[in-house]
Amino acid sequence: MPLIFILMGIKHCGKTTIGKLLSTTLEMDFIDLDREVEKQYSPDLRVSFREVYRKVGRAGFAQLETAALKKLYTEVSKPLILSLGGGTIENTKAVEILKQSGLKVYLKEKETTLYKRILSNGLPPFLDSSDPRQQFHALYLKRDSMYTALADLTVKLEGRDPTEAAAAVLSAITTIQGAHNGREHIW
């Protein structure tokens, strides 16, 4: 299987933006898993992944996400960068597919930075209006531990702008690849 760099992290950490920057620098294809879910649900892409989630619910979305990953892992023929959805980590079937191969990079951002970014577009439906801060805190703790457990590599973004964050990820990837140079490994 070709090399896959899997970017994962909590909503609004910059997976898609950083992934696109890395794909240009590394001259690799970029795939956003949320976009692939949209294609699974609506081949003409008339329905956004947020609308898909609202229409099919969490379980239905997880099924579409798993199907999109299976298809991707079956059809991939050249190196690529894959950006996961923020909640993919809670989809156990998708995580099992991700464990097959790929360098899993956790883009870790500060909780306060993420919370501000999320609220910048208004209160999202996954946060309860009665206590969104506490609810996000619990979600952050849960997902942070899950991403940490799955990651081959964690890059602390610390509020960097996208270009600096992409450079930090590239540096970390280069370092870890150098450490594995000459040894057989499956990412």
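Quick note: the coordinates plus some simple rules give every number you see, no bench work behind them. Keep in mind it's a predicted model, so treat the numbers as computed, not measured. Reconstructed Cβ throughout: ideal geometry from the backbone, glycine too, with neighbour counts over all protein chains shown.
Compute the whole-percent fraction of alpha carbon pairs in region 17-100 spaced more than 15 Å apart.
Looking at region 17-100, the distances longer than 15 Å represent 58 percent of pairs.
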Worksheet item: How about residue 93: which aspartates and glutamates have a C-alpha closer than 17 Å to its C-alpha, ignoring those fewer than 8 places off in the same chain?
Response: 34, 36, 65
Item to complete: Can you put 140, 106 in order of Cβ neighbours within 10 angstrom, beginning with the fewest?
Response: 140, 106
Worksheet entry | Computed over region 1-82: relative contact order in percent, which uses C-alpha pairs under 8 Å that are six or more apart | 50 percent
Response to the item:
Relative contact order as a percentage, the chain, C-alpha pairs under 8 Å and 6+ apart, gives 33 percent
Discussion item. Stokes-Einstein diffusion coefficient for the chain at 37 °C in a medium of 0.692 mPa s, Rh from the Kirkwood formula over Cα pairs: what value in µm²/s?
Written reply: 192 µm²/s
Item to complete: Once you have the Cα-Cα distance between residue 44 and residue 75, take 0.36 nm times their residue separation minus that, and quote the gain in nm to one decimal.
Response: 9.2 nm
Worksheet item: Sorted by packing (mean other beta-carbon atoms within 10 Å per residue), highest first, where do 78-85, 114-121 land?
Response: 78-85, 114-121
Practice prompt. Return the percentage of antiparallel bridges among DSSP beta bridges fully within region 4-180, rounded to the nearest 5 %.
Written response: 0 percent
Worksheet item: What are the lysines whose alpha-carbon lies under 18 Å from the alpha-carbon of residue 116, with same-chain residues fewer than 8 places away excluded?
Response: 11, 15, 108, 156
